[in-house]
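Okay, structure first, notes after.
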Amino acid sequence: MTLRMKVIVWVVGSLVLVLGIAGVVNTVLTHRITNEEAIRSAEVMAENIVLAMSVFGETGDMEGLESFLDNSREQSGVVGIHAFRGEATAREFGPRELGEILDARQQSVLDSGNPVVMTVDDDHSMRYIMPLKATRSCLECHEMAAEGEVLGGADVSISTAAAHASIRRQTVLMSIALLSAVFVQGLLLWFVFARLVIKPVKIISQRLLDRSRLLSTSADTFTSSAGMMANGANQQAASLQQTSASIKHLHARNRRTADSANKADATSMQASKAVDASSNAMSRLSATMGAIQDSSHETSRIIK
């Protein structure tokens, strides 16, 4: 892998990581906010339906209540509406058609007087079971009930599928936007690195390569010169050794010559002494011969 590809892959990978984390965080936060808003909208819708049911109950308009429930069931987002009577209302007015208690949760709301809110994950809906308690205006019709007593309840299920579908669409759009941003950023990085980074780096690298080659050539030349200098130094060392040996040989010859000269000098002195002695002897011989000659002349003269 080239340097350009390594840098681009590293930068794009970092960008994907950062944008991915940001996208995940944004998606989670958006999902949470949207879900909370969906739950709040469902809660408000359920409260409005329960309030309207309470108003119809206070006025005793059961036909209007049934018509309202039918119309409410047709509203967008409404999964189901069920109004059920409590024990006190059933004793006083008798059971109402389609107003029976369906499950234990509705019964628990009647017994405790506390609302129940639950999420149905399979249907992506919220279920609100709320008690309808007797107020002073209710006591005009419910003479046997006490204020605050649970007269019945409303079970309203609101769908949050639209909100979840919106979250999914938003997630898909965000993913597409993220991938598009990464792709565009990758192309931009490719262009930027190719024009502003890789090209100058190539030029600098080529210059460095040329200089390296020049330095390599100079180094080879310097190495050759150093080899020649080393050979010359070795030859000079050999010559110096030969010269030193010759000097030692001459020194020995000079020493022998000096010894011979000393011996010749001694011999010359002895010869000089011998010559002196011979000269003295010759002088004495000459004097003797002169004396002999004189004696001979004298003898000759006498003989004559």
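The values are calculated or read from the model by the stated rules, or taken from the named source; none is laboratory data. Small disclaimer: the values here were computed from a predicted structure and weren't measured. Here Cβ is always computed from backbone atoms with ideal geometry, including for glycine, and neighbour counts include all displayed protein chains. Only protein heavy atoms, including side chains, enter the accessible area calculation; ligands, DNA and RNA are left aside. Shrake-Rupley method; radii C 1.70, N 1.55, O 1.52, S 1.80 Å.
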Below 15 angstrom from the Cβ of residue 259, what's the summed charge of the other residues (Lys, Arg +1; Asp, Glu -1)?
+3
To the nearest Å², the heavy-atom accessible area per residue of the chain with 1.4 Å probe amounts to 70
Length-normalised contact order for the chain - Cα pairs under 8 Å, 6+ apart - percent:
18
Which residue, chosen from 175, 72, 33, occupies the Cα position most advanced towards the positive end of the dipole of the chain, where the dipole is computed from +1 (Lys, Arg) and -1 (Asp, Glu) charges on Cβ about the Cα centre?
175
Taking +1 at the Cβ of each Lys and Arg and -1 at the Cβ of each Asp and Glu, which of 135, 272, 257 sits farthest along the dipole of the chain towards its positive end, judged by Cα position relative to the Cα centre?
272
Per the charge dipole of the chain (beta-carbon charges, Lys/Arg positive, Asp/Glu negative, Cα centre), the residue among 51, 98, 160 reaching farthest to the positive end is 160
Anyone know which of 246, 125, 278 comes out most mobile in the 10 Å Cα GNM of the chain?
278
Which order do 209, 110 take by accessible area at a 1.4 Å probe, largest first?
209, 110
In a Gaussian network model of the chain with springs linking alpha carbons closer than 10 Å, the residue among 238, 230, 277 that fluctuates most is 277
Quick one: how many Å² of residue 147 are accessible to a 1.4 Å probe, rounded to 10?
110
Would you tell me the accessible area of residue 272, worked out with a 1.4 angstrom probe on the heavy atoms of the protein chains, in Å² to the nearest 10?
60
What residue among 84, 183, 93 shows peak mean-square fluctuation when the chain is described by a Gaussian network model with Cα springs under 10 Å?
93
Place a +1 charge on the Cβ of each Lys and Arg in the chain and a -1 charge on the Cβ of each Asp and Glu, then give the dipole magnitude about the Cα centre in debye, rounded to the nearest 20.
5940
Could you pull out every whole DSSP H run in the chain that spans at least 20 Å of Cα extent along its own axis and averages -1.0 or higher on the Kyte-Doolittle scale?
3-59, 161-192, 199-303
Put a dot 7 Å past each Cα toward the Cβ at residue 262 and residue 91; how far apart are the dots in nm?
16.2
If Lys and Arg each add +1 and Asp and Glu each add -1, what is the summed charge of the other residues whose beta carbon sits under 13 Å from the beta carbon of residue 43?
-1
May I ask you to give the percent of accessible area on segment 148-304 that is carbon plus sulfur, with a probe radius of 1.4 Å?
63
